[in-house]
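A short worksheet on the structure shown next.
Just so it is clear, none of the values below were taken in a lab; they were calculated from the coordinates. A quick note: this is a predicted structure, and the numbers were derived from the prediction, not measured. All Cβ positions, glycine included, derive from the backbone under ideal geometry; neighbour counts span all protein chains shown.
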Amino acid sequence: MPPALFPSLLDAADWAQLAPPVRRVHGEGEVLEASGTAQVDGDTHALARLLRRILTLPEPGADQAIAITIERDGQRETWTRRFARGQMRSVLQPGSAMALRERLGPVSLHFSLRRDGDAIDWQLRRITLLGVPLPRALCGHVLSRSGAHEGRYAFDIDTRLPGIGRLIAYRGWLEIDHVR
């Protein structure tokens, strides 16, 4: 069986230096279930709300319960995030040139991953819509980090698009409930 997706995209020495909760969430089991709390923010104007709906992103709200299921099939992972105010599903798999591709409906985000201390920084390289690359000026800024805080998996994602502003930002923590 090939190695899990994230360990295959990071150097072995970098993988070994990640915090244990990060290695567990991004590398253990065929199915991983975790739960925690998330703060979800986003602009509230009509265009931001419509785009969140199209991409099945959760609506803003403080201290939302979150449950996540990660299903691994070789190097393809399906992440289902259930927030108190919506569900978000994405498919992660290897992209070109050791990149990570995350597909959300018709949009694919292409990231390079790098270790920063004991965390993973996801660096956006490009965005495609139905397989067609978008001009860099339309891609905006996506900041994403997977780390640990107080022994738990911690995440911090912030997505801003030109003409829309903050599409979505969510940050919080997860504890692993079950791995099989």
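Things to note:
- Residues that are among the aliphatic types (A, V, I, L, M) and crowded, with 16+ Cβ neighbours inside 10 Å, drawn from region 57-73: LEU57, ILE66, ALA67, ILE68, ILE70
- Filter pass, THR44 being surrounded by fewer than 16 Cβ atoms within 10 Å (Cβ to Cβ), among the β-branched types (Val, Ile, Thr) and in contact with a strand residue (DSSP E or B) (Cβ under 9 Å, 6 or more places away or on another chain): no
- For ARG24, the stated conditions hold: it is basic (Lys, Arg) and either closer than 18 Å to ARG152 by Cα or over 17 Å from the mean Cα position of the chain (by Cα) (or both).
- Subset tally (residues that are in a strand (DSSP E or B) and touching a residue at least 40 places away in the same chain (Cβ under 8 Å)) for region 132-153: 5
- Qualifying position, being of a type in the set (A, V, I, L, M), within 17 Å of ASP177 (Cα to Cα), in a strand (DSSP E or B) and within 15 Å of the chain's Cα centre (by Cα), among ALA34, ALA65: ALA34
- Answer residue from region 74-100, given it is surrounded by fewer than 16 Cβ atoms within 10 Å (Cβ to Cβ) and among the charged types (D, E, K, R) and is nearest to the chain's Cα centre (by Cα) among those: ARG89
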